[in-house]
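To keep things clear, I will list the structure first and then write my remarks on it.
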Amino acid sequence: MTNKEDFRKIADDPQFVEGIYNYCDRWCERCRFRLRCANYSISEQQLLQDGPEADADGSFWENVNEMFEVTVDMIREIAEEKGIDLDHVSPETYEEQRRIFDEKSEAYSCTHAASDYIEMVEEWFRSADHLLEGKEDELSMKAEILEFDDSDPSGEADEIDNAIEVIRWYQPQIYVKCMRAVQGLSEPDDNPQEASQYDADGSAKVALIEIDRSIASWGVLYRYFSQTENEIIDILVHLDRLRKNVEMTFPHAREFIRPGFDEEQYQEAV
């Protein structure tokens, strides 16, 4: 189990890029910076300690609870050092503030569009399920017939699988990042505006990257599934409008320098 000292040692280790996990897409398996991410290191350390069967007897969630307690203890210690009163919270004031906060966030059209995109993706995969199965059978058959040796059915299958994996991974993530971005613009008055805008631009940039990659992946499916050409075009148009909407709402998002990912000193170090 990762204890408080281990947690702090990892967080303070200079090999890790400070704050890199704040503006990533949570896809550790495909991230070339994962070995420089404190969050990933803590997760991997826990996995090694617990073993692959750790959740078979419920111990996984016990460890999660323990990690929660360790983290809360650490927060309290830091708050005490900085003179922060963690108990100074009015439930009524907080709930009202949160309600207004959420209403403001949901009012942005980009969050609505990102939410609609989730359902559009679900609808396409529901309607195209038989087409995906048929394509898989077709490519398997091609791979077994020598007369098709001038084609690359295995490569085509991988291209389709990769496109689907990207689309499915970012399907909910785009909404999550858009919501976080607009929340940065709608932060309560007692939050520093500069810090909120910084986080908003960073989250918006991640959303834009996810949208760009999703558009590219739908382009792949468009080439292979002409039967659903109109539906895919609708999705692509929706994503393109969403992209432009985010860019207009956060005009400086593309310029945002994400810790690690966009900093030159880290580009050749991974």
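Below are the figures for this structure:
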quantity	calculated
Among the candidates Ile215, Ile257, residue that is modelled with pLDDT of 90 or more, surrounded by fewer than 18 Cβ atoms within 10 Å (Cβ to Cβ), within 17 Å of Cys24 (Cβ to Cβ) and not aromatic (Phe, Trp, Tyr)	Ile257
One residue from Val176, Val166 being aliphatic (A, V, I, L, M), under 25 Å from the mean Cα position of the chain (by Cα), within 24 Å of Tyr224 (Cα to Cα) and at pLDDT 90 or above	Val166
Yes/no for Tyr117 being in contact with a Gly (Cβ under 7 Å, 6 or more places away or on another chain), aromatic (Phe, Trp, Tyr) and modelled with pLDDT of 85 or more	no
Among (1) among the β-branched types (Val, Ile, Thr); (2) free of Cβ contacts under 8 Å to residues at least 40 places away in the same chain; (3) within 30 Å of Cys37 (Cβ to Cβ) - the single one Ile233 does not satisfy	(3)
Candidates Glu264, Glu210, filtered to the one that is within 19 Å of Asn22 (Cα to Cα), of a type in the set (Asp, Glu) and surrounded by 20 or more Cβ atoms within 10 Å (Cβ to Cβ)	Glu210
Answer from Phe261, Phe256, Phe250, Phe225 - the residue that is in contact with a Gly (Cβ under 8 Å, 6 or more places away or on another chain) and either in contact (Cβ under 8 Å) with a residue 24 or more places away in the chain or not polar (S, T, N, Q) (or both)	Phe256
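The values are calculated or read from the model by the stated rules, or taken from the named source; none is laboratory data. What you are looking at is a predicted structure, and each value in this text was computed from that prediction instead of being measured. Glycine also receives a Cβ, built like all others from the backbone with ideal geometry; neighbour counts cover every protein chain displayed.
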